[in-house]
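See below for the structure under consideration.
The values are calculated or read from the model by the stated rules, or taken from the named source; none is laboratory data. Only a predicted model underlies this, so the values are computations on that prediction, with no experimental measurement involved. Here the Cβ is made from the backbone with ideal geometry for all residues, glycine too, and neighbour counts use every protein chain on show. Side chains are part of the model used for accessible areas, which takes the heavy atoms of the whole protein and leaves out ligands, DNA and RNA. Shrake-Rupley method; radii C 1.70, N 1.55, O 1.52, S 1.80 Å.
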Amino acid sequence: MNTSKSTKLVVGIHPDLNYGESYSEKWSKYLGDRGVEVRWLNLLALDALDQARMCDGVMWRCIHIPQQKQIAQRILYTVEHCLGIPVFPDSRTRWHYDEKISQYYLLQTLQAPIPNTWLFWNRKEALEWAITASYPVVFKLSSGASSANVLKIETDAEAIALIHRSFTKGIFPYTMNEFQAYSGFPRSREQFRDLRPRLKEAIKYVLWNEYPKLHETWWRLEHGYAYFQEFLPGNDFDTRITVIGDRAFGFRRMNRPNDFRASGSGRLSYDPELVDKRCVEIAFEMSKAGNFQSMAYDFLYKNEKPVICEISYTFVNHAVFNCPGHWNSNMNWIEGHVWPEEAQVEDFYVRISTLEVDMKTRLSLSKTPSEPIGK
């Protein structure tokens, strides 16, 4: 915790700038509005933990970029659980981020309504299932944003081929659907020309064991599992509900043209009258049960009832800001646009302020002389 001479609360922020969007800049503004001293941290530096020790709280918006996932989980865990400093996002909110398998186990534990899901860690069992399964089904990799690693599987032959690949060669994320250009297989003369540098690297590997450079999205192979989810027909959109504290923001995302996927379509409807209030109530219930600081839920319908397909603690900020208002947990509607960063700061400020009061109380009590025994 803050050991400097400053009497203000101090929050350290690791700066972020992802795809032209910065949560950290808005966090800094809203913290400053509350009289909090903001310190810009470099949590990638050798003295990262020393920097964190000078703060009453630490914030770092890490996204699905592989390098960020690899680093942030380790550092934020250490700051939160070893140094005892509150962080955003905390472990409960963050540990399952961009990992659908982790989300599957978590949502089961929370008894959330979810589609039928088949997760296999054994190739033989996966193949036996594929032969008898009803199609279509949806194949997913554990990682991936904006529907990147999601396929609709129409036949057992397609499922069997993916199962064999998953348990042998593995699959790099972002090599499916619209990302096939990154898969390494030329589909045109132009792509073949682009592939020539990689062919040279392959020759270097064969001759001198010099491993080829990977595409920036290829952090690791997804390997050793097969993950399928039931296909839910008749869903022309999904419903995105984002819960931050006692606020729920909702909108619809229409499917991409001639596609079953809504995530990443950019086709949004903000009419609150079209938002299914059952989705809002379920999202509040899940956030309370999971003790999440911030969580977005993607809902589809199964037999006319909402089910959660995926969750994510972070999201495009303006998509939430564009909502004309939000609901509280009593299902009252509050009019007005709110940046998600402001809501996150408001809750985080309350948390670290309360923690500081508790700490001062404990220190005060520890200095109070105890009564002699028997007096």
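Hand me the GluC sites (Glu not before Pro) from region 24-101 located in a DSSP loop with no more than 12 other Cβ atoms within 10 Å, in residue order please. Sparse-neighbourhood loop GluC sites (Glu not before Pro): none present. Each principal axis of region 18-95 carries a Cα extent, and these read 32, 31, 26 Å when sorted largest first.
Averaging Cα coordinates gives a centre for region 234-254 and one for region 298-313; these two points are 9 Å apart. Summing charges over all other residues whose Cβ lies under 15 Å from the Cβ of Arg252, with Lys and Arg as +1 and Asp and Glu as -1, gives +1.
Distance distribution note for region 250-297: the fraction of Cα pairs above 18 angstrom is 44%. When the accessible area of region 253-316 is computed with all protein chains present and a 1.4 Å probe, what percentage of it is carbon and sulfur? Percent of accessible area from carbon and sulfur atoms in region 253-316: 49.
With Cα atoms as the point set, the radius of gyration and Dmax of region 17-59 evaluate to 11.6, 31 Å.
Computed packing ranks the peptides 282-288, 155-161, 246-252, 321-327 as 246-252, 282-288, 321-327, 155-161, most packed first, by mean other Cβ atoms within 10 Å. To the nearest whole percent, what portion of all C-alpha pairs in region 26-147 is separated by more than 16 angstrom? Roughly 71 percent, rounded to a whole number. Evaluated with a Cβ-only charge set (Lys, Arg +1; Asp, Glu -1), region 32-101 carries a dipole of roughly 220 debye about its Cα centre, given to the nearest 20.
Positive contributions from Lys and Arg (+1) and negative ones from Asp and Glu (-1), summed over other residues with Cβ under 9 Å from the Cβ of Leu268, come out at +4. Principal axis extents of the Cα atoms in region 230-330, from largest to smallest and rounded to whole angstrom, are 36, 27, 24.
Each Lys and Arg Cβ is given +1 and each Asp and Glu Cβ -1; about its Cα centre, region 102-156 then shows a dipole of about 140 debye.
In the neighborhood of Val345, defined by Cβ-to-Cβ distances under 9 Å, what is the net charge if each Lys or Arg adds +1 and each Asp or Glu adds -1? That sum, taken over residues with Cβ under 9 Å, equals -2.
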